[in-house]
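So the structure is just underneath, and the comments pick up after that.
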Amino acid sequence: MPAGNYLHRLDRGVERFESIILAGGVLALAAVSITNTLLRNLIGTTLPGASELTEIFMIWITFAGLAYAVRHARHIAMTALYDQLRGRIRKALLVTISVGSAALLFYLSYFALIYVLSTYQGSRTTTALSIPVWAAYVIVPAGLFLGAIQYSLTAWRNLSTAGIYRSFQERERYEQEPSEGDSKW
């Protein structure tokens, strides 16, 4: 099986996993928030640990969503200079940005992993629910690492194909169509 097909299958599998985490996190966050609001307004008490759960779900949604956003080119992008460029220069800038972003996210995921391992070894738990802190934060290095992989795949896709791709899956929408004599750059 060619490497491209393998990468597409792997990418789709990871995307499904991220979608499940995102959907589950959003649903759980909504359930905790709604339940806490109803309890507070109906019987005058709150759900024990609601603020801790909300914080944990927000962390999970944020860092699982990072790779998902990069995969679909739906992340924040400062494109004032990029939008003014065309052709090879535009593609070269996109590759440079992707490689730089991947390197930064790999670097951050390394230090996030060290932090999670230190919280695991320290046996820290949350105050109200005694949830291990490492379990709340384990998504941080995973999300950063998966985001770095997505940026790496974007760079690879742009280096190996003729078009300009904002992500591994998403082709640049506003690019000029290459003429027959254009190379992949």
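Worth pointing out:
- Whenever a residue of the stretch 17-32 is more than 16 Å from residue 48 (Cα to Cα), its partners that are of a type in the set (Gly, Ala, Ser) and surrounded by 14 or more Cβ atoms within 10 Å (Cβ to Cβ), lying with C-beta atoms within less than 6 angstrom and at least six residues away or across chains, give the pairs 18/64; 18/67; 21/64; 22/64; 22/65.
- Any chance residue 50 is open to solvent by less than 70 Å² (accessible area, probe 1.4 Å) and at negative phi: yes
- Considering the stretch 147-170, the residues that are at pLDDT below 85 and within 14 Å of residue 8 (Cβ to Cβ) include one that is most open to solvent (accessible area, probe 1.4 Å), namely 169.
- Residue in the stretch 55-74 that is farther than 23 Å from residue 169 by Cβ, at pLDDT 85 or above, of a type in the set (Asp, Glu) and open to solvent by less than 60 Å² (accessible area, probe 1.4 Å) present: no
- Members of the stretch 1-16 that are free of Cβ contacts under 8 Å to residues at least 60 places away in the same chain and surrounded by 14 or more Cβ atoms within 10 Å (Cβ to Cβ): 8, 15
- Restricting 142, 128 to those that are exposed (fewer than 14 other Cβ atoms within 10 Å of the Cβ) and in contact with a Ser or Thr (Cβ under 9 Å, 6 or more places away or on another chain) reduces the list to 128.
- A search for C-beta distances below 6 Å between a residue of the stretch 105-120 that is part of a helix (DSSP H, G or I) and at pLDDT below 95 and any residue that is buried (at least 16 other Cβ atoms within 10 Å of the Cβ) and among the aliphatic types (A, V, I, L, M), counting only pairs 6+ apart in sequence or on different chains, returns 119/133.
The values are calculated or read from the model by the stated rules, or taken from the named source; none is laboratory data. Owing to the predicted nature of the structure, the values given are computational and were not obtained by experimental measurement. Counting neighbours? That spans all protein chains shown, and the Cβs are built from the backbone with ideal geometry, glycine included. Side chains included, ligands, DNA and RNA excluded: accessible areas come from the protein's heavy atoms. Shrake-Rupley method; radii C 1.70, N 1.55, O 1.52, S 1.80 Å.
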